[in-house]
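These notes are about the structure you will find just below.
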Amino acid sequence: MTGDKSVSRFLIADVPRLAATVTRRIADDLPVYGRLPAEELHGDVRAIVDMTIRAFAEVLRTERMPPPEFLETVRRSAAKRAEERLPVEAVVSAYYYGARICVDEMTATAEPHDLIEAHRLLLDCLREITAAVTSGYVEESQSLIGERDAARHTVLSALLDGRGPQLDSAHLGIRLPPCYLVLAFTIGRHPDEDREDVDATVASRRKIRRLRTELDRALGHPVLSRLSADEGLALIPSDAVPDRAADTDRPRLERLTASLITVSGVPLVAGVAASTPADVPHAVRLATELRDTATGTGRPPGVYPLTALLLDYQLTRASPARAHLAALLAPLTDGPDLPATLRTYFASNLDRRETAARLHVHPNTVDYRLRRIAALTGLDLAAHTDLLTLRAALSAYDAAGSV
């Protein structure tokens, strides 16, 4: 193809000017390239532009696709861009900018009949280059993700084992904050996990992936976390004083929990405790106990520090009195609706109409059940002392796992 060869000679003769033009256009039109250090833009990037124009000219001359060694160079260049965290779409676009400028130059100088085959060869060449770019970029990205995940796992394991003070976290690229908010939460089942036409394992993994992605997105950085199908643990950095962090940061945690619930489509009930990196194991134990207390006492989805569960937490700690308190409600097992009614009655601030609305029954039904509870337990809900005893008994009863 004489025309293609004449175009090839034109490109080879004008490589320095074309490479300069392409490099300048890339920096102007793709901001991530414009922010690269000048020595890199006019060094590494300019070199790969120069080499790509020469490779395209050779494709036109021989009508053969670029050799493996050129494509390997492209792969290595894309891997470097991935390491620098340039978006993959910008890396691919850079090659298309170069191709577009070469086409414009050819169109201005070549005869129309010479351009038809040149365009076909250019598209085939870009196909090979795009495959090499994506291959190199994705491979390096996966490697970097693996390294970051390994570092996060190492730091999280050390903190959970109480080895935070001995950890060289800076070497792993992770700075330990003065305080961690330890979030321990239950993860509800997604509706897809119970559908017969959906693979439950796949649905569960998607749920976990959404939670992990939203955690990182909402906080603006990778979060130290450990998630399973039904529960999770996350360490949220904070600059607050540990003694007050769980309360002062509660609004932020409530927004985070709400966004996690929205994105995942499942309910979350979380306990939260704050500590220095050295005391993370203690905070994990407390956050887990608070989570269990919140779920055991029928709290709605949300985040609960110790100050939100003071009475229930204290009443559910193991003691000789807890067993006796729980036993007061043992007679209620004869009526399966009675414990739930009592729990909802307290949650509704002793409002029988609100209790009825929550239970979807008539207020008279609530009255009847409350009278049954009084008769079975011997405790009068109208008496202040008995009311307090029933409230304490309900917490102990829930903690004992009777319901």
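Extension gain for the segment Arg352 to Val88, taken as residue separation times 0.36 nm less the Cα-Cα distance, is 89.0 nm to one decimal. Working from Cα pairs under 8 Å separated by at least six residues, relative contact order for segment 270-403 is 26 percent. Average projection, convex hull of the Cα set of segment 2-144: 7.8 square nanometres.
Between Gly232, Gly298, Gly98, find the one with the highest GNM mean-square fluctuation for the chain; connect C-alpha pairs within less than 10 Å. For the chain, modelled as a Gaussian network with Cα springs under 10 Å, the answer is Gly98. The distance from the alpha carbon centre of segment 1-70 to that of segment 340-400 is 79 Å, rounded to a whole number. When the Cα convex hull of segment 180-308 is projected onto planes of every orientation, the mean area is 7.5 nm².
Axis angle, to the nearest 10 degrees, between helix 68-83 and the longest C-alpha principal axis of the chain: 40 degrees.
For the chain, the ratio of Cα radius of gyration to the globular rule of thumb 2.2 N^0.38 Å stands at 1.52. For the chain, what does -39500 (n - 2.57) per DSSP helix run (n ≥ 4), summed and divided by total residues, give at 222 nm, in deg cm²/dmol to the nearest 500? Calculated at 222 nm, the ellipticity per residue is -21000 deg cm²/dmol.
Rounded to the nearest 0.05, the FRET efficiency derived from the C-beta distance between Glu128 and Val103 at R0 = 25 Å is 0.90. With axes computed from alpha carbons, what is the tilt in degrees of helix 384-399 against the longest principal axis of the chain, rounded to the nearest 10 within 0 to 90? In the chain, helix 384-399 runs at an angle near 50 degrees to the longest axis.
So in the chain, what percent of DSSP beta bridges are antiparallel if you round to the nearest 5? Walk me through the numbers on the way to the answer.
Numbers: 20 of 23 bridges.
For the chain, the DSSP antiparallel bridge percentage is about 85.
Each Lys or Arg adds one and each Asp or Glu subtracts one; over the other residues with Cβ under 14 Å from the Cβ of Arg100, this totals -2. Spin-label pair Arg285-Ala150: with each label point 7 Å from Cα along the Cα-Cβ axis, the two points sit 3.3 nm from one another.
Can you work out the FRET efficiency for the pair Ser143 and Ala229, with r the C-beta to C-beta distance and R0 = 30 Å, to the nearest 0.05?
0.60
Once C-alpha pairs closer than 8 Å and six or more residues apart are averaged by separation and normalised to the residue number of segment 180-308, the relative contact order reads 34 percent.
For segment 2-144, calculate the relative contact order in percent as a whole number, restricting contacts to Cα pairs under 8 Å that are 6 or more residues apart.
About 35 percent, as a whole number.
Going from the residue with the fewest nearby Cβ atoms within 10 Å to the one with the most, Met65, Met106 rank Met65, Met106.
Laboratory data are not the source of any read-out in this text; all were calculated from the coordinates shown. Please read these numbers as outputs of a predicted model, since none were measured by experiment. Cβ coordinates were reconstructed from backbone atoms using ideal geometry, including for glycine residues, and neighbour counts include every protein chain displayed.
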